[in-house]
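Worksheet for the structure shown next.
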Amino acid sequence: MIRTKLLFLFVLLLVALAAGLYLSGMVLFWRIDQPWSRLGWLDYWRYWSAYANAPAHAAMVKSSGAIGFGLPLLVYFVLCVLVLFRKKPNLYGEARFASTGDLRERNMLKSEDTALVVGKKDGKFVYFNGQQFAMVAAPTRSGKGVGIVIPNLLSYQGSVVVLDIKQENFDLTSGFRARHGQAVFRFNPFAEDRRTHRWNPLSYVSSDASFRISDVQSIAAMLYPVHDTVKDPFWANQAQNAFVAFALYAFEQAAYLSSNFGAPYAPPTMGSLYRLSSGRQGQEIKAYLTELAAWPHLSSSARTAFATLLGQANETFASIMGTFKEPLNPWLNPVVDAATSADDFDLRDVRKKRMSIYVVIQPNKLAESRLILNLFFSQLINQNTRELPQSNPELKHQCLLLLDEFTSIGRVDIIASAVSFMAGYNLRLMPIIQSMSQLEATYGRETARTIMTNHALRVIFAPREQQDANEYSEMLGYMGVRKDSVSRSRSRESSYTRSESEERRALMLPQELKAMGDDKQILLVEGMAHPVMSTKIRYYKEGAFKDRLLPAVDIPLLPLQVKTSGAQSRSEANSQPTPTMAHNAVDLGDAVPKFSSLKLSASERSAASILDAASAVEQQVARHREAQPERPREYSGLAGLQTELDGAINRGGL
């Protein structure tokens, strides 16, 4: 190939010299007023030989030669550059890895307020600034925690909600974030040491009756999702209706007590709804629900929901109740019940002030906690996609959702639907998955692709699955490589023929990706022509991170209250050795009326309504325990209230 080019240029040089010789003669003849018709190819050479050294004519002869030879030689040199140095279009692609200069042009070597640290390149940290999402694909035990999660929790300046499997992230990073002004919370609904902050999903239901039904329906849709993978949506729809019925009953009763008797309004809890739906021992559940539906102060929406539920055939009704109660089974656990009985943090504040919420789950509780986690993150996104930051100056902070083991919480439908517009609300996703097939198994192929498309950065560790390796190899692109081949003839006089060709080759073959090593990772950045081969971070090897490892934040002990069913004696609950909120609540004075002074109708005197009223008042008492510590008088709690109620019922009225 090179020899051919050189031979071509040599021939071209001879042509240029010949053209220069003739053109020089033309210039000279024009200057001495001779017609070009008399010009021959060698006339300029004759004039040069005769007059080049003659003082009177030398300048004219030489300048004519400079002009005549200059133009062809200039064209010749331009052609030489084009032939020898012009880059040939690569039919197979021009894939390569990005350089440090490429990263500098994209402002990925400079940290900003919204920076995520995603790796190292030539000894410098690589950052991903802005609002765009980042996804990490890393097999288990490949260094995603030490290289991605912990470094970002030790550097990210905005609010963060992190899914913390095994509590390692909280133990290592909560102290630093608290030291730098962040309000730090740990929500661990299955905490064996009972140290957790509390979150009540029902507290986000509006106290305004006009909006209450919509909020309740939103929670019902999270608990009983209806999507493409559900074969028969009838049961999920009916379970949603049952949830709406029980929730509206509980909310409306709490509002009734508050507005008519001055009791402070407090929302019900998931645990109280479960107990409400369990009925009373010795009474058929359908008859019990009929009593609830007969409460005269029930709204038309609640009555309709109860009517739909109670109008089903007995077998269908039983199946609906089974479907309804199945996702609520975790609330049989008293720790889960207590951890969701009140609010120590407000999910609506994550963009108003800097907060760090660690959602901690032990690996052996992942199956049980899936619905709780799904509900938590669904509500987090739902509550923070109602108002744009430009509409409210209080929403001044970005909130990062750092979701380690993203698929462990199951399909979060609101992520699939909101991923395209969440960034506009200053919510930022950083899910961590083990493989692409894992994401597709959870969300389905099409939805998984939609989620991936909306992540502008993808951090890829060495894959273990062949399918992932094949897909990553395709993503990195292809390049053309030259291949020399030598052939030998079979004749007596052996001869060799050498040829050169160009072939297509992946920037990294699947087997090369799988053998990439534990210290390398690849960054695929949207809008960047070339992928980035970078080095993984090890926080324990970086002085900038090691100096930020501080003792973890202390978490308060959860006041645990063991709930009892309506059939149990309330004195049994009072005999529990662990102090409870209600058993140690203070006197609320006139805030809660004496039960003997309540003016209740005949239907309100039903055992169901009375017990529900007692539970509601008990919750009011419990919630004010911490509000008035200066009045530490013992309160008999639910057991005392039940004794008074039992006496009133036996006497035939209150």
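The values are calculated or read from the model by the stated rules, or taken from the named source; none is laboratory data. Remember, predicted model here, so these are calculated numbers, not experimental data. Backbone-built Cβ (ideal geometry, glycine too); neighbour counts: all protein chains shown.
How many of the residues making up the range 384-402 are within 21 Å of residue 412 (Cβ to Cβ) and either surrounded by 17 or more Cβ atoms within 10 Å (Cβ to Cβ) or β-branched (Val, Ile, Thr) (or both)?
7
Residue 54 - would you say it is among the aliphatic types (A, V, I, L, M), part of a loop (DSSP other than H, G, I, E, B) and at pLDDT below 90? Steps first, answer last, please.
Details: among the aliphatic types (A, V, I, L, M): yes; part of a loop (DSSP other than H, G, I, E, B): yes; at pLDDT below 90: yes.
Against the criterion (among the aliphatic types (A, V, I, L, M), part of a loop (DSSP other than H, G, I, E, B) and at pLDDT below 90), residue 54 qualifies.
Would you check if there is a residue in the range 99-106 being surrounded by 11 or more Cβ atoms within 10 Å (Cβ to Cβ), out of contact with any Phe, Trp or Tyr (no Cβ under 7 Å at 6 or more places or on another chain), over 30 Å from residue 513 (Cα atoms) and of a type outside the set (A, V, I, L, M, F, W, C)?
no
Can you tell me which residue among 278, 301 is polar (S, T, N, Q), within 25 Å of residue 209 (Cβ to Cβ) and touching a residue at least 60 places away in the same chain (Cβ under 8 Å)?
Every option except 301 fails the conditions.
Can you pull out the residues in the range 19-51 that are of a type in the set (S, T, N, Q) and either within 16 Å of residue 66 (Cα to Cα) or surrounded by 13 or more Cβ atoms within 10 Å (Cβ to Cβ) (or both)?
The first filter runs over the range 19-51 and keeps only residues of a type in the set (S, T, N, Q), leaving 24, 34, 37, 49.
Within the range 19-51, 24, 34, 49 meet the criteria.
Which of the residues that make up the range 306-343 are outside any helix (DSSP H, G or I) and surrounded by 18 or more Cβ atoms within 10 Å (Cβ to Cβ)?
Of all residues in the range 306-343, those outside any helix (DSSP H, G or I) come to 311-313, 333, 340-343.
Hits for the range 306-343 are 340, 341, 342.
Taking the criterion of being of a type in the set (Asp, Glu) and touching a residue at least 24 places away in the same chain (Cβ under 8 Å), would at least one residue in the range 120-134 satisfy it?
No, there is no match, as no residue in the range 120-134 is of a type in the set (Asp, Glu) and touching a residue at least 24 places away in the same chain (Cβ under 8 Å).
Search the range 75-90 for residues being in a loop (DSSP other than H, G, I, E, B) and exposed (fewer than 10 other Cβ atoms within 10 Å of the Cβ), and hand back the single one that is modelled with the highest pLDDT.
The extreme case among them is 86.
Going residue by residue through the range 4-27, is there one that turns out to be in a helix (DSSP H, G or I), within 60 Å of the chain's Cα centre (by Cα) and among the basic types (Lys, Arg)?
Yes, some residue in the range 4-27 is in a helix (DSSP H, G or I), within 60 Å of the chain's Cα centre (by Cα) and among the basic types (Lys, Arg).
Which ones in the range 517-543 are in a helix (DSSP H, G or I) and without any contact (Cβ under 8 Å) to a residue 24 or more places away in the chain?
541, 543
Quick one: in the range 257-282, of everything that is touching a Gly at 6+ places or on another chain (Cβ under 9 Å) and of a type outside the set (D, E, K, R), which residue is nearest to residue 335 (Cα to Cα)?
Only one residue fits best here, namely 278.
Against the definition (in contact with a helix residue (DSSP H, G or I) (Cβ under 6 Å, 6 or more places away or on another chain), surrounded by 15 or more Cβ atoms within 10 Å (Cβ to Cβ), more than 26 Å from residue 226 (Cα to Cα) and among the aliphatic types (A, V, I, L, M)), how does residue 294 come out, yes or no?
Against the criterion (in contact with a helix residue (DSSP H, G or I) (Cβ under 6 Å, 6 or more places away or on another chain), surrounded by 15 or more Cβ atoms within 10 Å (Cβ to Cβ), more than 26 Å from residue 226 (Cα to Cα) and among the aliphatic types (A, V, I, L, M)), residue 294 qualifies.
Of the conditions (1) under 15 Å from residue 321 (Cα atoms); (2) modelled with pLDDT under 95, residue 281 fails just one. Which one is it?
The single condition residue 281 does not satisfy is (1).
Okay, residues lined up against (1) buried (at least 23 other Cβ atoms within 10 Å of the Cβ); (2) assigned to a strand (DSSP E or B); (3) of a type in the set (D, E, K, R); (4) touching a Cys at 6+ places or on another chain (Cβ under 6 Å):
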site	(1), (2), (3), (4)
136	yes, yes, no, no
140	no, no, no, no
150	no, no, no, no
170	yes, no, no, no
198	no, no, yes, no
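Against the definition (within 19 Å of residue 223 (Cβ to Cβ) and surrounded by 17 or more Cβ atoms within 10 Å (Cβ to Cβ)), how does residue 276 come out, yes or no?
Here the answer is yes, as residue 276 does meet what is asked.
Only residues that are in contact with a His (Cβ under 9 Å, 6 or more places away or on another chain), buried (at least 17 other Cβ atoms within 10 Å of the Cβ) and modelled with pLDDT under 95: list them for the range 520-565, please.
558, 561
Yes or no: residue 71 surrounded by 22 or more Cβ atoms within 10 Å (Cβ to Cβ), part of a helix (DSSP H, G or I) and either more than 19 Å from the chain's Cα centre (by Cα) or not hydrophobic (A, V, I, L, M, F, W, C) (or both)?
no
Do any residues in the range 254-267 that are surrounded by 16 or more Cβ atoms within 10 Å (Cβ to Cβ) have Cβ atoms under 7 Å from those of residues that are in a helix (DSSP H, G or I) and among the hydroxyl-bearing types (Ser, Thr, Tyr), where the two are at least six apart or on different chains, and which pairs are they?
264/258; 267/203
Out of all the residues in the range 354-369, is one or more assigned to a loop (DSSP other than H, G, I, E, B), crowded, with 17+ Cβ neighbours inside 10 Å and of a type outside the set (Ser, Thr, Tyr)?
The answer is yes, given that some residue of the range 354-369 is assigned to a loop (DSSP other than H, G, I, E, B), crowded, with 17+ Cβ neighbours inside 10 Å and of a type outside the set (Ser, Thr, Tyr).
Every residue, every condition in (1) hydroxyl-bearing (Ser, Thr, Tyr); (2) modelled with pLDDT of 95 or more, yes or no:
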| residue | (1), (2) |
| --- | --- |
| 370 | no, no |
| 400 | no, yes |
| 414 | no, no |
| 417 | yes, no |
| 422 | no, yes |
| 466 | no, no |
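Does residue 405 satisfy the condition of being within 26 Å of residue 202 (Cβ to Cβ), surrounded by fewer than 22 Cβ atoms within 10 Å (Cβ to Cβ), in contact (Cβ under 8 Å) with a residue 12 or more places away in the chain and of a type outside the set (A, V, I, L, M)?
No: the conditions fail for residue 405.
Output the number of residues of the range 419-435 satisfying the condition of being closer than 16 Å to residue 389 by Cα, surrounded by fewer than 23 Cβ atoms within 10 Å (Cβ to Cβ) and of a type in the set (A, V, I, L, M, F, W, C).
3
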